[in-house]
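The values are calculated or read from the model by the stated rules, or taken from the named source; none is laboratory data. Predicted model only: the values in this text are computed from it and were never measured. Positions of Cβ are generated from backbone atoms using ideal geometry, with glycine treated the same way; all protein chains shown enter the neighbour counts.
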Amino acid sequence: MSSCQEVISALGKYDEIAVVCHVNPDGDCVGSMLGMGLILQAMGKKVTFISSDVIPGAYSFLPGSQHIKGVDNLGGQQAVVFVDCTDPDRAGEQVARSVSGIPCIINIDHHVSNRQFGHLNLVDPEAAATGEIIYRLAKEIPLPLTKEIALCLYTAIVMDTGSFRYENTTGTTHRIAAELVDTGLNVFDINRNLYEDVPLTNLKVIQLGLAGLKTSSCGRVAWITLREEDMRKIDAGDEHIDGLINYTRMIKGVEVGILFRETGEGLIKISFRSKDRVDVNRLAGEFGGGGHPRASGCRIATSLAQAEEQVVAAASRLLEGC
Ligand SMILES: [Mn+2]
């Protein structure tokens, strides 16, 4: 693995740098992307923020979010920083294609399934969030940790730890968070932006999802399916799904929660969560995906009904060994 210093000195050589996040952006990748960009701007770099997908409105309070651009703005930069991406395709096919000739690719991530695809790889599966790794970078440059950077990184950490509730939360996570808050953050304001300013469409998606909630006969697998047609009826897109899957895992007795999302492209997007025994990174791996032991995902080109049957069967098989 590369060191923070190696990454900083590599980036120091370039003037124009792109920072890219993954498809279906979540709080960790958006916060990490913006935090990293602010650090690079403080170093005097010209930074372009790139996202393949729409950024959920909940993150519009983050500094720099209004400058996030589409993939067409990628090109001409000499260095690209991927945050929270296991591989270049995770940032979207077009991003993966566009970066092939770029001389400096930096990979900053905390997924155990990371493919080490960069010229430099700053990958630590022990970090609760990619935001934690960006924090370490921020500490290595001889510039102050500003309130704006802290806001982005705090949000990244809050969202990937479920507000410090998941098992990835450590004393280190809290110590980093404390230092970030001490820059002058208003924790109440941040949480209100993240959790109490939810678009009505998000709640309609929850309503739709919970109406079709299913559990296995043993009660240890719960899943939700979202049909494209039903989503269209309520005018909902991927950016309105954030957090829905957590309802499956919170059910008493459930070990594995699954969300099936039918897309118009004949693909089923699948997300996994587990409580404390099943390694869902392995489960997603059976279908060509990956992620973390407690949160992962994959995509299958099949019908919704078939995906449901195959994936629930695979989850039940894994549970037999637990
Ligand atoms: Mn993450």
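Quick check, is Gly209 surrounded by 12 or more Cβ atoms within 10 Å (Cβ to Cβ) and without any contact (Cβ under 8 Å) to a residue 60 or more places away in the chain? So that I can check it myself, show each step before the final result.
Details: surrounded by 12 or more Cβ atoms within 10 Å (Cβ to Cβ): yes; without any contact (Cβ under 8 Å) to a residue 60 or more places away in the chain: yes.
Yes, satisfied.
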For segment 141-164, give me the residue count where each residue is at pLDDT 95 or above, assigned to a loop (DSSP other than H, G, I, E, B) and not small (Gly, Ala, Ser). 4
How about segment 268-298: which of its residues are of a type in the set (A, V, I, L, M), more than 16 Å from the ligand (Cβ to nearest atom) and modelled with pLDDT under 95? Val278
Which residues, taken from segment 269-309, are part of a helix (DSSP H, G or I) and in contact (Cβ under 8 Å) with a residue 12 or more places away in the chain? Val280, Asn281, Arg282, Leu283, Ala284, Gly285, Leu304, Ala307, Glu308
Could you check, for segment 97-111, whether at least one of its residues is hydroxyl-bearing (Ser, Thr, Tyr), within 14 Å of the ligand (Cβ to nearest atom) and touching a residue at least 12 places away in the same chain (Cβ under 8 Å)? no
Can you name the number of the only condition in (1) in a helix (DSSP H, G or I); (2) closer than 17 Å to Ser65 by Cα; (3) out of contact with any Gly (no Cβ under 7 Å at 6 or more places or on another chain) that Glu6 fails? (2)
Residue satisfying condition, being at pLDDT 95 or above, closer than 23 Å to Glu6 by Cα, within 14 Å of the ligand (Cβ to nearest atom) and of a type in the set (A, V, I, L, M), within set Ile176, Ile133: Ile133
Select from segment 39-53 the residues that are within 19 Å of the chain's Cα centre (by Cα) and of a type outside the set (S, T, N, Q) and write down the one among them that is surrounded by the most Cβ atoms within 10 Å (Cβ to Cβ). Ile50
